[in-house]
Every structure is written in structure tokens, then in C-alpha cells.
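Okay, so here's the structure we're looking at.
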Amino acid sequence: MAEQLNTALAIIRLKQVQTRTGRSRSSIYADAKVGRFPAPINIGPRAVGWLETEINEWLAERIAASRKMAP
């Protein structure tokens with residue numbers, strides 16, 4: 001139970017998001033701005049991060065969408 005709570009509340013930074021998604025900084029922010037990517041959350045005056053669960057969900061959606069399109 002405690003492990004599930006920690007995973008749900010895990011915040012990952014931009015470099016980790018880039019590594020996990022294979023996307024550039026500019027594409028992450030551009031898509032977040034129009035709602036096609038999870039929005040960052042403020043974690044300090046000049047620091048943002050993303051909820052790991054939201055990134056995992058986004059990745060799962062991309063995988064599912066690509067599998068549906070495959071012949």
C-alpha cells in the first residue's frame with residue numbers, strides 16, 4: 001500500500017520525462033500547452049516536474065493507439 005502511494009505521488013523532472021518519452025523539451029511544452037501532453041506542476045519558484053503516473057498513462061495511451069493502427 002505504501003509503495004502504491006509513493007508511486008502515485010512521484011514527481012519526475014524534465015530530463016527523466018525526455019528519457020522516458022523520447023521527446024524534446026520544446027515538443028513536451030508545446031503539447032502540454034494545448035493539452036496533448038500532461039501539464040507540468042510547480043514544485044518551486046523556478047522548478048517544475050510531472051507526475052509519474054500521468055506520464056505512464058500518456059505512454060500507455062500512445063502504445064495502445066499505435067497497436068490499434070497496426071495491420
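Residue count for region 26-61, restricted to those that are part of a helix (DSSP H, G or I) and either touching a helix residue (DSSP H, G or I) at 6+ places or on another chain (Cβ under 8 Å) or exposed (fewer than 11 other Cβ atoms within 10 Å of the Cβ) (or both): 10. Which of (1) in a helix (DSSP H, G or I); (2) out of contact with any helix residue (DSSP H, G or I) (no Cβ under 9 Å at 6 or more places or on another chain); (3) not basic (K, R) is the odd one out, the single condition Q16 does not satisfy? Unmet condition: (2).
One residue stands out in region 1-13 among those that are more than 11 Å from the chain's Cα centre (by Cα) and not in a helix (DSSP H, G or I): the one that is modelled with the lowest pLDDT, namely M1. Does E52 qualify as being in contact (Cβ under 8 Å) with a residue 24 or more places away in the chain and within 9 Å of the chain's Cα centre (by Cα)? Answer is yes for this residue.
The values are calculated or read from the model by the stated rules, or taken from the named source; none is laboratory data. For clarity, every value in this text was computed on a predicted model and none was experimentally measured. Virtual Cβ from ideal backbone geometry, glycine too; neighbours counted across all protein chains shown.
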